[in-house]
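Below: the structure, in structure tokens.
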Amino acid sequence: MSAADFALDRDAFGRLVLTLADASVHVGVVAVRAFPIAAPHDGIALMSGDGHELVWLDDLEQLSAPVRELLEEHLATREFVPEIKAIRSVSSFATPSIWIVDTDRGETRLVLKGEEGIRRLARSRLLIADSHGVQYLVRDIGALDRHSRKLLDRFL
């Protein structure tokens, strides 16, 4: 479906409102990324409140600027995946261990329950789950400083 086949807006309560070419209106639409880590701008589904796909978007870049900004704002409120920029310290090389890390959202502390909490997404990309279920992204292991890589290598 092309961007000309629908209109997207917010209502007074902040919910997304989708109007399709057939004039049907859907309130409380939810945008969902197909590949939020690997391809965040490709494959976005607009879902009804009951979980049915209403619109499939191949690429956010094909949308008009106002619609794209509205969708990106909505997606940012739904998704919370801080990116680890540096690993300052770990309490122990045995798990569970407490990690002090710098993320793109500031310094934080996470608890790694077990080594299975570290998942390799690509050759140099990791997803680290803490004990509360928060997912932290390491976009590129090679971009981390030497100290961070050394600490991380002990768990890989």
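Readers should treat all values here as calculations from the given coordinates under stated rules, not as data from a laboratory. Computed from a predicted model, the values in this text were never measured in an experiment. Note that each Cβ is placed from the backbone with ideal geometry, even for glycine, and that neighbours are counted across all protein chains shown.
Listed values, structure above:
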{"read-out": "Extreme residue, nearest to I37 (Cα to Cα), among residues of region 103-156 that are surrounded by fewer than 17 Cβ atoms within 10 Å (Cβ to Cβ) and among the acidic types (D, E)", "value": "D140"}
{"read-out": "Test result for L127, within 15 Å of A86 (Cα to Cα) and either among the hydroxyl-bearing types (S, T, Y) or touching a residue at least 40 places away in the same chain (Cβ under 8 Å) (or both)", "value": "yes"}
{"read-out": "Strands (runs of 3 or more DSSP E) wholly inside region 70-138 that include at least 3 residues being over 30 Å from D9 (Cβ atoms) and touching a Pro at 6+ places or on another chain (Cβ under 9 Å)", "value": "106-112, 135-138"}
{"read-out": "Residue match in region 74-84 (condition: surrounded by fewer than 13 Cβ atoms within 10 Å (Cβ to Cβ) and of a type in the set (D, E))", "value": "no"}
{"read-out": "Region 70-98 residues that are without any contact (Cβ under 8 Å) to a residue 12 or more places away in the chain, paired with ones that are polar (S, T, N, Q) (beta carbon under 9 Å, 6 or more apart)", "value": "S91/S97"}
{"read-out": "Residue in region 40-50 that is assigned to a loop (DSSP other than H, G, I, E, B) and within 13 Å of the chain's Cα centre (by Cα) present", "value": "yes"}
{"read-out": "Options V81, V55, V67: the member that is closer than 30 Å to F155 by Cα and in contact with a Leu (Cβ under 7 Å, 6 or more places away or on another chain)", "value": "V81"}
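Table: residues versus (1) more than 26 Å from A129 (Cα to Cα); (2) touching a His at 6+ places or on another chain (Cβ under 7 Å); (3) surrounded by 14 or more Cβ atoms within 10 Å (Cβ to Cβ).
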{"residue": "A12", "(1), (2), (3)": "yes, no, no"}
{"residue": "R15", "(1), (2), (3)": "yes, no, yes"}
{"residue": "L20", "(1), (2), (3)": "yes, no, yes"}
{"residue": "V25", "(1), (2), (3)": "yes, no, no"}
{"residue": "A31", "(1), (2), (3)": "no, yes, yes"}
{"residue": "I37", "(1), (2), (3)": "no, no, yes"}
{"residue": "A45", "(1), (2), (3)": "no, no, yes"}
